[in-house]
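Data first, discussion second: the structure below is written as structure tokens.
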Amino acid sequence: MAYYFDGGLDAMILGLSFIVLLFVCVVLHEFGHALAARAYGIRTPDITLLPIGGVARLERMPDKPWQEFVVALAGPAVNVVIAFALYLVIGRDLHLGDVAAVDRGDGDLLSKLLAINIILVVFNLVPAFPMDGGRVLRSLLATRMKYARATRIAASIGQVVAVLFGILGLMGNPMLLFIAVFVFFGAQQEALFATAKENFEEARIARVMQPLPPVLTRGMTVLDAVQLAMRDPRHSYPLVDSGLRVLGLVPSAELSGALHSHAGDQVESLAKRGVVSLPVDGSLLQAREVMRHSDQEDFPVTNAANQLVGYLSRSDLPEQFIEPVSNGLPVAHGAR
Ligand SMILES: [Zn+2]
């Protein structure tokens, strides 16, 4: 009986060590993506570990196809390195078959780790979103066609792969079935996102901006401005010079605050300077990028001569689309 417990404990420790080390490999995989992304100036706010793998949430996706190619491959490359290092350590005593023993809790730990890293590489390179292989495929396609089209084609291929996974899953591997569903909808989401991004790229700011708002000019008093604001309530008002060039923004909250004690003051004194403007012929994608890096609520829209022609508030942008995350879908369970 004591032997049984000893054996059980050993097996448990081996099993736990394996799971911990597996997650270390998954984290390193995600760090591979994150480091490659950082080389292109893209930050990774966080890395999440899920029961089925890890996700490195990149601040944004690389714009250039070959950058995405490198970022996508950097994760699996880490597992290649780990596998190679383990191979050097293990040498002749390699028992790759031990991966099958994961659930049994026996077998050689390092061999199992090596095997799981190979599986991580192979599985992640399956050409289906949200696996890295899907991104590799998309980036290769994107060198020859528009990003959205490349994504739709890669997504369709991914969905075919998902259906194949599903069929295999139905033949007795519930985890594979689960992954098939995950991949199928992941591909769909990726295609929708790419189409939304394309729309954002093609739509001009001019199409969604508000026409010229009431403007404040130098020489106006706070009282003048309040009277104007009462006729056309806004969150803020641009202050312009005689050539319609934007000097600053006056928030309406400042106006009402100044009305009691400073009604006769120049409204110019309330203006916030250093205002960020948007180009009227810019895309909504550009507008979204500018908004992301600014704390302004409203943005003057200007023409090539720097004259105010419209106004864009955050709420004027069509429904925001959410960047999908870089993903390492592993496998540990899928390998069973
Ligand atoms: Zn990955």
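FYI, it's all coordinate maths here, none of it is from the lab. This is a predicted model, so every value here is computed, not measured. FYI the Cβ positions are ideal-geometry reconstructions off the backbone, even for glycines, and counts take in every protein chain you see.
Some notes on this structure:
- Choice from ILE167, ILE179, ILE118 with maximal GNM fluctuation in the chain (Cα, 10 Å cutoff): ILE167
- Against the main long axis of the alpha-carbon atoms of the chain, helix 65-90 sits at an angle near 30°.
- For the chain, a simple Cβ point-charge model (Lys and Arg +1, Asp and Glu -1, everything else neutral) yields a dipole of about 760 debye relative to the Cα centre.
- In the stretch 212-293, one over the average inverse separation of all distinct C-alpha pairs is 13.4 Å, which is the Kirkwood hydrodynamic radius.
- Cβ-based charge dipole, the chain, positive-most Cα from VAL126, ALA304, PHE23: ALA304
- At the listed q of 0.12 Å⁻¹, the Debye profile of the chain, built from one uniform point per Cα, gives log10 I(q)/I(0) equal to -0.88.
- The orientation-averaged shadow of the Cα convex hull for the stretch 164-274, equal to a quarter of the hull surface, comes to 12.0 nm².
- Applying both filters, DSSP loop and at most 15 other Cβ atoms within 10 Å, to the trypsin sites (Lys or Arg not before Pro) of the stretch 174-242 gives ARG218.
- On Cα atoms only, tilt of 109-124 relative to the major axis of the chain in degrees: 50
- Net +/- balance of residues flanking ASP298 in space, Cβ distance below 10 Å, scoring K and R +1, D and E -1: 0
- For the chain, modelled as a GNM whose springs connect Cα atoms under 10 angstrom apart, the maximal fluctuation among VAL70, VAL160, VAL20 occurs at VAL20.
- Tail weight of P(r) past 11 Å, computed on alpha-carbon pairs of the stretch 146-192, percent: 60
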